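The values are calculated or read from the model by the stated rules, or taken from the named source; none is laboratory data. What you are looking at is a predicted structure, and each value in this text was computed from that prediction instead of being measured. Here Cβ is always computed from backbone atoms with ideal geometry, including for glycine, and neighbour counts include all displayed protein chains. Please note that ligands, DNA and RNA were not included when accessible areas were found on the heavy atoms of the full protein model with its side chains. Shrake-Rupley method; radii C 1.70, N 1.55, O 1.52, S 1.80 Å.
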Amino acid sequence: MTQPNPPRHFLSLLDLSSIELRALLQRASELKRLQHSGEFYQPLQNRTLGMIFEKSSTRTRVSFEVGMTQLGGHALFLSPRDSQLGRGEPIEDSARVLSRMVDVVMIRTFAQETVERFAAHSQVPVINGLTDLLHPCQLLADMQTYFEHRDDIRGKTVTWVGDGNNMCHSYMEAAHLLDFRLHIACPAGYEPDADFIQRFGDHCQILHDPMAAAEDADLVVTDVWASMGQEEEQAKREQAFAGFQVNEVLMAQARPDALFMHCLPAHRGEEVTAAVIDRPDSVVWDEAENRLHAQKALLEFLLAR
Ligand code: CP
Ligand code: NVA
């Protein structure tokens, strides 16, 4: 299949228009129904996804690999430890070479600039599988989960509790695209990037009081206090985030039917209590499963057009 020149990439949620994002979320639920009813749908036969992981992963790796299998294609795992990427081969050369062989590339790395440089030299679509700045694939799954359990998120209130990190930035982009209000409760010094606050200020509000931020929320979301690459800051962050735990007292501030989400992996007793994440109606497991369906819809969107 020939690719448009230049190809469509998914480096940030903003690579989709609002209309495309809404259609993709709907398609994700359709693909989920197909999968659950046991039907085969294999539009990506003979297609290969190259997956570059410079950081650890469980969900992202498994969902992309299984997703490609279900769509009739194949996924290839590459780590810097056992490829030339780890021995200093320029990212531009890796992009030129890999994109002559595979049909789509997913990268999980540190700097957003790395995925952008790779994409600039790639003949095939590139997907951001998490950087220090963004985690757009997770937002596809989170939004699909909200739509499936509730309905349209437009006009709703979402409360982010914790670090102004990659997930928080992608939530800010989602608030802009899907038109919901985002209350961000973070300790002073751990706010999201100033550029994001400026660009998405009409949908996002920074608060330093998690209880006030959670008031009347339709969805409460949190993430680890120390992201991958920040392991040595764990002790310092545990102190800074001590008052920023999602527990039953905080959830009582939200609407009675509020959902709780977490991209996982979770640290019970730190950013969230077991009582919240493990409650019987917790949607975090659907949220994790939806990584598979949402990314299948994304792969189809990028490749099967
Ligand atoms: N949520 C998420 O991206 O999980 P992994 O780090 O396991 O891929
Ligand atoms: N903010 C976390 C997300 C993990 C899926 C990290 O970057 O480690």
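Could you say whether any residue in segment 186-195 is free of Cβ contacts under 8 Å to residues at least 40 places away in the same chain, more than 28 Å from residue 56 (Cβ to Cβ) and more than 20 Å from the chain's Cα centre (by Cα)?
Looking through segment 186-195, at least one residue is free of Cβ contacts under 8 Å to residues at least 40 places away in the same chain, more than 28 Å from residue 56 (Cβ to Cβ) and more than 20 Å from the chain's Cα centre (by Cα).
When residues of segment 49-82 are filtered for being more than 23 Å from residue 303 (Cβ to Cβ) and either aromatic (Phe, Trp, Tyr) or more than 16 Å from ligand 2 (Cβ to nearest atom) (or both), how many remain?
First, pick out the residues of segment 49-82 that are more than 23 Å from residue 303 (Cβ to Cβ): 54-56, 58, 79-82.
From what is left, the residues that are either aromatic (Phe, Trp, Tyr) or more than 16 Å from ligand 2 (Cβ to nearest atom) (or both) are 79-82.
Residues meeting the conditions: 4.
Please find, within segment 188-242, the residue that is most open to solvent (accessible area, probe 1.4 Å) out of those that are among the basic types (Lys, Arg) and either in a loop (DSSP other than H, G, I, E, B) or over 27 Å from residue 288 (Cα atoms) (or both).
Only one residue tops the list, namely 236.
Which of the following residues is more than 16 Å from ligand 2 (Cβ to nearest atom), touching a helix residue (DSSP H, G or I) at 6+ places or on another chain (Cβ under 9 Å), open to solvent by 10 Å² or more (accessible area, probe 1.4 Å) and not in a loop (DSSP other than H, G, I, E, B): 116, 148? Reasoning before the result, please.
Details: 116 fails: touching a helix residue (DSSP H, G or I) at 6+ places or on another chain (Cβ under 9 Å).
When all the criteria are applied, what remains is 148.
Give the number of residues within segment 251-272 that are open to solvent by 30 Å² or more (accessible area, probe 1.4 Å), of a type outside the set (A, V, I, L, M) and more than 12 Å from ligand 1 (Cβ to nearest atom).
8
So, in segment 61-110, exactly how many residues are assigned to a loop (DSSP other than H, G, I, E, B), surrounded by fewer than 16 Cβ atoms within 10 Å (Cβ to Cβ) and not small (Gly, Ala, Ser)?
Within segment 61-110, the subset assigned to a loop (DSSP other than H, G, I, E, B) is 71-73, 79, 83, 88-90, 99-103, 109-110.
Filter again for surrounded by fewer than 16 Cβ atoms within 10 Å (Cβ to Cβ), leaving 72, 79, 83, 88-90, 100-101, 110.
So of that shortlist, the ones also not small (Gly, Ala, Ser) come out as 89-90, 100-101, 110.
Total meeting the criteria: 5.
Return yes or no: is residue 111 small (Gly, Ala, Ser) and either away from ligand 2 (no atom under 16 Å from the Cβ) or on the phi > 0 side of the Ramachandran plot (or both)?
So residue 111 fails the test.
Counting only residues that are surrounded by fewer than 24 Cβ atoms within 10 Å (Cβ to Cβ) and among the β-branched types (Val, Ile, Thr), how many does segment 151-164 have?
2
Of (1) open to solvent by less than 40 Å² (accessible area, probe 1.4 Å); (2) more than 16 Å from ligand 2 (Cβ to nearest atom); (3) farther than 19 Å from residue 184 by Cβ; (4) assigned to a helix (DSSP H, G or I), residue 291 satisfies all except one. Which?
Checking residue 291 against (1) open to solvent by less than 40 Å² (accessible area, probe 1.4 Å); (2) more than 16 Å from ligand 2 (Cβ to nearest atom); (3) farther than 19 Å from residue 184 by Cβ; (4) assigned to a helix (DSSP H, G or I), the one that fails is (2).
Could you look through segment 18-47, keep only residues that are in contact (Cβ under 8 Å) with a residue 60 or more places away in the chain and assigned to a loop (DSSP other than H, G, I, E, B), and pick out the one that is farthest from residue 147 (Cα to Cα)?
Going through the qualifying residues, I end up with 47.
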